[in-house]
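Input: a single structure, listed below in structure tokens.
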Amino acid sequence: MEHYNMNLTLKIWRQKNVNAKGGFETYKVTDISSEMSFLEMIDVLNEDLINEGKDPIAFDHDCREGICGSCSMYINGKPHGPWKATTVCQLHMRAFKDGETIVVEPWRANSFPVVKDLVVDRSAFDRIIQAGGYISVNTGNAVDGNSIPVDKDKADKSFAAAACIACGACVAACKNSSAMLFVSAKISHLALLPQGHPERKSRAINMVAQMDKEGFGSCTNIGACEATCPKEIQITNIARLNAEYLSASLSSDKD
Amino acid sequence: MTWKQMFTSSIGQKFVMAITGIFLITFLVVHVGLNACIWANDNGEMFNTGANFMASMLVIRIMEVVLFAGIIIHTIQGLVLTAANNSKRKVGYAVEYGNRGSKWYSRSMGLLGTLLLLFLIMHIYHFWVPSRLGGIANIKPLQEIDYSNGLGKQYHNLYLEMIQVFQNPLIVILYVLGCISLAYHLMHGFESAFRTIGLHNNRYLKMLRHLGRGFAIIVSAAFAMMPISIYLGWVK
Amino acid sequence: MLDAKIPEGPLEQKWLDYKGHCKLVNPTNKRKMEIIIIGTGLAGASAAASLGELGYKVKAFCYQDSPRRAHSIAAQGGINAAKNYQNDGDSVFRLFYDTIKGGDYRSREGNVHRLAEVSVNIIDQCVAQGVPFAREYGGLLSNRSFGGTQVQRTFYAAGQTGQQLLIGAYQALERQIALGNVKMYNRHEMLDVVVVDGKARGIIARNLVSGELERHSGYAVLLCSGGYGNVFYLSTNAMGSNVTAAWKAHKKGAFFANPCFTQIHPTCIPVSGEHQSKLTLMSESLRNDGRIWVPKKQNDTRRAADIPEDERDYYLERRYPAFGNLVPRDVASRAAKERCDAGYGVGTSKQAVYLDYADAINRYGQIEAGKRDIHDANPAAIIAMGKEVVKEKYGNLFDMYEKITGENPYEVPMRIYPAVHYTMGGIWVDYELQTTVLGLYSLGEANFSDHGANRLGASALMQGLADGYFVIPYTIGNYLADQIRVAPMSVDHPEFIAAEKEVAERLNRLMNIKGKTSVESLHKRLGKIMWDKCGMARNAQGLQEAITEIRQLKEEFWSDVRIPGEINEMNNELDKAGRVADFIELGELMCLDALQRNESCGGHFREEFQTEEGEALRDDAHYMYVAAWEYKGDHNWELHKEDLVYEVVKPTQRSYK
């Protein structure tokens, strides 16, 4: 791969805090190596800003190897940028050309308020998990791991759903700001395993109720979430969530 | 989980859309089948017989009420959901997300649905209102035909009505546009409805995707061909 | 002499006896007792969930926006457990023995045996929680072998075992939050431990969004804040991983043990330039099939493909004919460094060696041709078939490599280089995981206890969860049972006020330096000193130089750092500055520790102490102890020793030849 350097124009959303009115600022960065990750390019910009005595750009990031789910930038109209199945931290500058203008925005959704600049508050996801995204087993109660055989196919599907990193790109990509892909990944992860069966009805009902309460939109099955998910969580999980939810609510005993 | 909780939840509301949607799809099958009788080229006899059969059956009359209820529920629920979903992102993006992973028509179900609603109002005005409530201004007094069904009853000649309505090229164009909206609406709606009611087996979803697209194209094309073939005088 | 309070009796009875005799707190009293937990990785989340289930009132803190983002999530390979599901001769004793030996005889028998005992419970617990471990077609759990052990005892979930285990613990934690037993404080950083009458009674934490300082009181404080690999600036740790919580505790009286024991992982994607912010690990499994080489000519700038076979130096195969490319981590790492330092490195930075799959692709292609009964396959067809096999085995790793480097590893050899990965050292704890401060505990990578001088693969996850799920719920009760008559601590106690004042002053001081140098560039310089002089190989002279340089750096930091923004808002630079300030102090202690340990063992390689073949040379007669450092003020530490007594295992020289 040929390495090259590039000069770029960046239009980045700046917002001092949750209540402040934000806006775009334009920055120039020069001699950006094609070998850098996108976040390293932002590091360079921040270093410049600090040297100029300005406030650096706040953004969430931590593991920088595509697994913690912290990073969250909407780059040129795509959550996590132009590459597929990639988080921002794994996006490299080879994806861009010299002279390009790159627009960077935070995730946009009422349920993800902007905390500062590109940092948003995704605690709604935690609260959805609190509503039922678990198997109620206290430490010390477990039987031997191999006493519960699990169909390999289901175990694999469960794992594929459990690979969700809760980054929120699905919400950011969805025209309805729906969190259905996130919720369905957790529902599928647990519903596909026998251990998850005792609570599957209450789990589906409570998690969806919390999702609605948090103000996410509903799913219209358009597929943008699936195409954007850095972990390639399948939209089929949403259909499975619908099945879980409807069977739980239709079989409910309340009037 | 009470009924209220279920039907006010996001998935519950989508369920209503899916169930009414699938019901309307089944109606389309009947509708397109019956209307295809105009191509029998028997001066509308088969078509009118069928139409009369439908009109005189109690079950169908009841189903007609259900059909209207379905249309109204599908419409209202659709508008409510679209409005709700559109309100979930108060601050929008400077750069739009675009087409990755989704088709424009999938994202435009509310718009397509609204176009269909407008079409439907026109369509009901053209055909349902005169046949059920008596004629309208531009429909001339209807020709009486003696059908050999032995009952000697007089019928509303729906066939002739079609012939008359579709003499106007503007109306033909509007109908064709309506059918295009229907095609795109179904292109997404057919498969989506089954996803919403919880079908999650990849194999069947794939089957339904092809079936849905086929259905959307064939049914809509068949409907569109009706005004076109009448206008061009292919139907005799 | 430090007392680790290891229970008397035969090794396999110690934990059993302890559990049978430790004191308990009754349920009504548990409800009244608040416990503070710092960090929500495997150790912190599992401890918070378990203690919440027991009925304690738990307050958990993490600096990330959600507890699920802790860096345990990045662990790839797997988790060990002595289940012996494979019937291949595994047992609790064998896991215990392997861990002791792997740690180069610098860990505690009692702790390690307990770890091996509870390892089996961890798997059961995680399965019950719904962790989707890999399974066989019969539906039973699958194992693989790892890190040179002779049995298959590693449980895994593809290459995301850490993620799945952490999500299991996170979900258990979220359940306790929903039940009201745990209160979670996201985006909070602990900036001091409050010690009253010799006991840890609370913390000062900073809300990283508003910048406000908060006082939290409790009956015990658990440090589950992970390792300090980021002292090297570049490591496989997360950007936010830091030593601050542990370091504050250290300054408040907790001894810091074996700080110089760091693990360098041999197969990481090399640094690509000055801008590099972190390093990414490539699973060790790649060394099973890949061949490692450098050019025989110094400063060779030809492309790999243009270097003929006889001008390539397969240095591991040359130096270690018996083990070849599969020598242990520390040996492989040191050998790569040696070649690069001597000027044989490859790539633009010259700090890399090749990991070449060409032979493996050819070999697998031949096998595949044989399997398919194709006798006249042309070389291109064989290579194509070989690539298919390699893709199936390592496809996801190759994809990751390509994403980061832009090079196609099926066509050109991968470039790899060692990188800091894990820190065996940490806060000194006794058998009960209690530090030298009463009521202050340390779990997981933050403590020092189980891995000696070198950690075996797939053991970090095991230790974090063992501490959190199965050890602390017992041992904390033994302490808290005596505290039930102690009144809850008011956060208006003078010690809290003083601690908060001290923290606020330090923050103000940092903000008011208003110098010219960014935090990042100072951190980078610290990392370079540490990597060059306290990294894979150390010597007395280098360490002494490093201490001098670090002291200079500290002065420069406190007189010239520039932190933009305000103190009372989200200010990532201020957060980083506080952490780097602590790393600088830790760096000095690491060098001191490395300097006093006049031997080589595990990850600690002193160039002066090696065998003729260049292997680590232990000195059991003089250094079979844990070096626990007591903070005595600026640049001033006192060394305490905990003798390591081997009752069961006989220490021997590790050999790979």
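Read-outs throughout are calculated quantities, based only on the coordinates presented, and are distinct from any laboratory measurement. Predicted model, so just to flag it, every value in this text is computed and none were measured. Glycine also receives a Cβ, built like all others from the backbone with ideal geometry; neighbour counts cover every protein chain displayed.
For B:Ala36 and B:Lys90, the FRET efficiency from 1/(1 + (r/R0)^6), where r spans their Cβ atoms and R0 equals 41 Å, is about 0.30.
What would the Debye equation give as log₁₀ I(q)/I(0) for region A:5-116 at q = 0.13, 0.16, 0.17, 0.23 Å⁻¹, counting only Cα atoms as equal point scatterers? Summing over Cα pairs of region A:5-116 leads to -0.47, -0.72, -0.82, -1.52. Run the Debye formula on the Cα coordinates of the protein assembly as shown, all scatterers equal and no solvent, and tell me log10 I(q)/I(0) at q = 0.05, 0.06, 0.08 1/Å. Taken in order of the listed q values, log10 I(q)/I(0) reads -0.39, -0.54, -0.88.
Here each label is just a point 7 Å from Cα along the line to Cβ, and for B:Ile217 and B:Tyr125 those points are 3.3 nm apart. Label point of A:Tyr4 set 7 angstrom out along Cα-Cβ; within region A:70-96, amide nitrogens under 15 Å from it belong to A:93-96. Considering only Cα atoms, the convex hull volume of region C:102-186 works out to 158 Å³ per residue. Take chain C and mark each of the chymotrypsin sites (Phe, Trp or Tyr not before Pro) that is in a DSSP loop with at most 14 other Cβ atoms within 10 Å; the longest unmarked stretch, sites excluded, is C:138-645. Of the three principal axes defined by the Cα atoms of chain C, the extents in descending order read 84, 60, 49 Å.
About its Cα centre, the protein assembly as shown has a charge dipole of approximately 2940 debye under the convention of +1 per Lys or Arg Cβ and -1 per Asp or Glu Cβ, with nothing else charged. Estimated from the Cβ-Cβ distance and a Förster radius of 30 angstrom, the FRET efficiency linking B:Leu177 and B:Met207 is about 0.50. Once the GluC sites (Glu not before Pro) in DSSP loops with at most 16 neighbouring Cβ atoms within 10 Å are cut out of chain B, the longest remaining piece is B:1-95. Rg/Rh, computed from the Cα trace of chain B with Rh as the Kirkwood radius, has the value 1.02. Can you tell which of B:Ser131, B:Ser192, B:Ser102 shows the greatest fluctuation in a Gaussian network model of chain B with Cα springs below 10 Å? In the Gaussian network model the winner is B:Ser102. The 3J(HN,Hα) values that the Karplus relation (6.51, -1.76, 1.60; θ = phi - 60°) gives for region C:383-389 are, in residue order, 5, 4, 5, x, 5, 4, 5 Hz. Gly and Pro appear as x. Annotation: average projected area of chain A is 17.1 square nanometres, based on the convex hull of Cα atoms across all directions. Which residue, A:Val103, A:Val143, A:Val115, has the most motion in a Gaussian network model of chain A that connects Cα atoms within less than 10 Å? Largest GNM mean-square fluctuation: A:Val143. Modelled this way, with points 7 Å down the Cα-to-C-beta line, the labels at C:Leu16 and C:Met1 are 2.9 nm from one another. Per residue, the average separation of C-alpha pairs within less than 8 Å and at least 6 apart gives region A:77-163 a relative contact order of 12 percent.
Taking amide H atoms as placed 1.01 Å from N in the peptide plane, the amide H of A:Ser72 lies under 5 Å from those of A:Asp60, each 5 or more residues away in sequence or on another chain. Here region C:265-420 yields Rg over Rh of 0.97, to two decimals, using C-alpha coordinates and the Kirkwood radius.
The modelled label-to-label distance between C:Lys183 and A:Glu52, using points 7 Å beyond Cα along the C-beta direction, is 4.3 nm. Rounded to whole numbers, the Karplus 3J(HN,Hα) couplings from phi for region C:503-516 are 5, 4, 4, 5, 5, 4, 4, 4, 5, 8, 5, 6, x, 10 Hz, using 6.51 cos²θ - 1.76 cosθ + 1.60 with θ = phi - 60°, and x at Gly and Pro. Less than 14 Å from a label point 7 Å out along the Cα-to-Cβ axis of C:Ala504: which backbone N atoms in region C:549-570 qualify, by residue? Taking a point 7 Å out along Cα→Cβ of C:Ala504, the residues of region C:549-570 whose backbone N falls under 14 Å are C:567-568. Our estimate of slack between C:Arg551 and C:Glu612, defined as 0.36 nm per intervening residue step minus the Cα-Cα distance, is 18.5 nm. Within region C:588-619, name every residue whose backbone N is under 18 Å away from a label modeled 7 Å from Cα of C:Gln298 along the Cβ vector. Flagged as within label range: none. Backbone geometry of region C:391-396 corresponds, through the Karplus equation with coefficients 6.51, -1.76 and 1.60 at θ = phi - 60°, to 3J(HN,Hα) couplings of 4, 5, 7, 10, x, 5 Hz, x marking Gly and Pro.
Using only helices, what value at 222 nm comes out for chain C when you add -39,500 (n - 2.57) per DSSP H run of length 4 or more and divide by the total residues, to the nearest 500 deg cm²/dmol? Computed mean residue ellipticity for chain C: -12000 deg cm²/dmol.
Let's test the formula: R0 of 35 Å, r as the Cβ-Cβ distance of B:Leu111 and A:Ser202. What FRET efficiency results, to the nearest 0.05? Working from the Cβ atoms, E equals 0.40.
As a ratio to 2.2 N^0.38 Å, the alpha-carbon radius of gyration for region C:142-185 is 1.67. Springs between alpha-carbon atoms under 10 Å, Gaussian network over chain B: tell me which of B:Val16, B:Val29, B:Val176 tops the mean-square fluctuations. Checking each option, the largest mean-square fluctuation is seen for B:Val29.
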